[in-house]
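See below for the structure under consideration.
Every number here is computed from the coordinates shown, using simple stated rules; none is lab data. Owing to the predicted nature of the structure, the values given are computational and were not obtained by experimental measurement. Cβ placement follows ideal geometry from the backbone for every residue including glycine, while neighbour counts extend to all protein chains displayed.
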Amino acid sequence: MQRRIGLKLWHCWFGILVGGWLMLLAVTGVAIAWYDELDIALNPDLRLTEISDHASISLDVVLDNAEAALPGFSANNIMLAPANGKTHWLLGRQSLPDGASLPMQVFADPATGTITGWRVSGGLHLDRQHFPDLLYGLHTELLAGETGATFIGIIGLLWLLDHLLAVPLAFPKLQKWPAAFQLAGKKGSLRRLFDWHRAMGMWLWLATFTITLTGVTLAFPNASRDLIRQVSPVSERLHESMPEAEIDEVTVGLNDAIARAGPGQVHSVRILPSVGQYAVRTYDQRDPDNQGRMWTYVDMADGSITGQRHDNGETGGDLFFAWQYPLHSGHAAGLGGRLSVTLVGLATIWLCISGLRLVWRRRNSRAHVKNATAFPA
């Protein structure tokens, strides 16, 4: 009996103190599950271009045009247009005259190399161009950098614990477990509200637990890797262990690097001057999502292939981490996966609202009974 009272107190105060943050994460999570669609709808001038039958212009020309259009800009990642009518997406930083720098995104027409526009990455910007990134920043770090990401990770850890404690709370008598998945009571009654809250939580328990667990591993990547290494080796991307290199002259261009990387549709190219490498990411049949998980490293100086690795890696630990973002974002199952993430997000909002309503109605009910006892008719 004491144990059940303790579980109720935990679950109640968890909902009161954390419910608002969970609703914020759920709302922003639902939105960024459809990030590209939202961004294209708000910013067609950046993300779309006229469909052209002409072959794509050299990425080296695109890079030169970006640096000319935005003085001080240096790209570190180029995501190629995924389809006809879409733009290339360049990520990097712009060095300012005062010595500071800004994270920037630049967009370019793949057929002509024309720069269609740019925007600052992250930060508190309320215009349409930056609204999708605002939602993304709120979801991942509350626009507060590492501190915000840590706070979100702590919220996730608390929710993981609440998932585990909610199970014995939902099944007070094991032989009556089907009741936890059913509705009873009259419409509008406190019992019906409780059953809605409990049943939805139980029906979606595995989905919300998975979203929460993957969110924690993404918020605490280093700590998560250290933990998983206790049971399985975890390797990192190859460039993270490459020695620093000084390249006197870059003789291999972006298009040449892609050609040397071999066949396969290219997702993106990372530019890694600190180690003198291009990392060409291509799509592979082993990919858990639509991000292009095969990495081929090409030397900037001589064009040699210095390494190749798929994110799935060789161990169970590697495979575990390869699936974290695809599962959290829903991209692991394409359109159906993103619809599922949307459903989980909306259900989370309902669980928070219904839980707070339960607390409020029970409080009012107890107050009513107390008053009726103190002042009998």
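List of remarks:
- Compactness check for the chain: Cα Rg over 2.2 N^0.38 Å is 1.21.
- Of Asn222, Asn364, Asn65, the residue with the greatest mean-square motion in the GNM of the chain, using alpha carbon springs below 10 Å, is Asn364.
- Computed from backbone phi, the HN-Hα couplings of region 345-360 come to x, 5, 5, 4, 4, 5, 4, 5, 5, 5, x, 5, 5, 4, 4, 5 Hz, rounded to whole numbers (Karplus: 6.51 cos²θ - 1.76 cosθ + 1.60, θ = phi - 60°; Gly and Pro given as x).
- Computed over all pairs of different Cα atoms, the Kirkwood value for the hydrodynamic radius of region 91-236 is 19.6 Å.
- Bridgeable aspartates and glutamates around Lys186 (alpha carbons under 17 Å apart, same-chain partners fewer than 8 residues away excluded): Asp195.
- Farthest toward positive dipole pole in the chain [+1 Lys/Arg, -1 Asp/Glu at C-beta], among Leu358, Thr87, Ala166: Leu358
- Other-chain or far-sequence residues with amide H under 5 Å of Gly276's (modelled H): Ala245
- Once backbone amide H atoms are built at 1.01 Å from N, His310 has Trp295 as its partners under 5 Å, excluding neighbours fewer than 5 places away on the same chain.
- Amide N of region 332-351 lying under 14 Å from the label point, which is placed 7 angstrom from the Cα of Asn364 along Cα→Cβ: none
- Cα-centred dipole magnitude for the chain, charges only on beta-carbon of K, R (+1) and D, E (-1), debye, nearest 20: 4080
- FRET efficiency for Lys173 and Arg225, using Cβ-Cβ distance with R0 set to 45 Å, rounded to 0.05: 0.65
- A straight chain from Leu48 to Ala83 at 0.36 nm per residue would run longer than the Cα-Cα distance by 11.6 nm.
- Dividing the mean sequence gap of close Cα pairs (under 8 Å, 6+ apart) by how many residues region 89-150 holds gives a relative contact order of 19 percent.
- Estimated 222 nm signal from helices in the chain, with DSSP H stretches of n ≥ 4 weighted -39500 (n - 2.57), rounded to 500: -16500 deg cm²/dmol
- Total charge dipole magnitude, region 44-127, about the Cα centre, Cβ charges on Lys, Arg, Asp, Glu only, Debye to nearest 20: 260
- Computed magnitude of the charge dipole of region 238-312 (debye, nearest 20; Cβ of K, R +1, Cβ of D, E -1): 360
- Calculated on the alpha-carbon coordinates, the convex hull of region 44-127 measures out at 92 cubic angstrom per residue.
- Relative contact order for the chain, counting Cα pairs under 8 Å that sit 6 or more residues apart, in percent: 17
- Mean projected area (nm²) of the alpha-carbon convex hull when region 238-312 is viewed from all directions: 4.6
- Under Karplus coefficients 6.51, -1.76 and 1.60, residue-wise ³J(HN,Hα) of region 125-138 in Hz, glycine/proline x: 10, 9, 7, 4, 5, 9, 4, x, 5, 4, 4, 4, x, 4
- Candidates Leu70, Ile32, Leu22 compared by Cα position along the dipole of region 1-87: farthest toward the positive end lies Leu22, with charges placed on Cβ.
- Euclidean distance of C-alpha centroids, region 274-347 and region 140-190, integer Å: 30
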